[in-house]
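What follows is calculated from the coordinates using simple rules that are stated; it is not laboratory data. Quantities reported herein were computed from a predicted structural model and do not represent experimental measurements. As a convention, Cβ positions derive from the backbone with ideal geometry for all residues, glycine included, and neighbour counts pool all protein chains shown.
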Amino acid sequence: MSLSSYFAVGAVCLAVSATAAFAQGTGAGYTGYGFNLFQENCAVCHGTMGHGDGSVAELFAVAPSDLSMLAAANDGVFPFDAVMASIDGRQMVRGHGSEMPVWGTLLSTEAQAMILPNAATAEEVVQGRILALTYFLQSVQR
């Protein structure tokens, strides 16, 4: 394995471990990366904690999903892979009378404009962001 491959693997491992640490709590003082990404990209529709009660939710013909009930709707098991696929666009989600935005594309466009340290690629940054969002959603299940 080349030196740059070791750096890339290390960057992904660091992102995963940091993301897992951020996903531990969601109290009033919670400032984890996944929480912040959710507030910036999802809360306007799905609400601060994913309950489907965002500030524009009432404008949709079909209300945004209560993302805190994903595990309950899946026999108590959080559908981790399906959530990641929904965020990155591999699995389309119909809602609001149209398809949900593909956040993987948006996050990728932002990441490609960044100067990436330690030989990290834009794809690694995007996967880290999607993983952070998924861990956040997993942490708010009721």
Original post:
Hey, fewest Cβ within 10 Å first, where do ASP88, ASP66, ASP75 land in order?
Top reply: ASP75, ASP66, ASP88
Original post:
PHE60 versus ASP81, label points 7 Å from Cα toward the beta carbon: distance in nm?
Top reply: 2.6
Subject >> Exposure proxy order (Cβ contacts within 10 Å, fewest to most) of SER86, SER55, SER65 >> reply: SER55, SER65, SER86
**OP:** Starting from the Cα-Cα distance between ASN74 and ALA122, subtract it from 0.36 nm times their residue separation and give me the gain in nm to one decimal.
**Re:** 14.1 nm
Original post:
Fewest first, what order do GLU58, GLU124 take by the number of other Cβ atoms within 10 Å?
Top reply: GLU58, GLU124
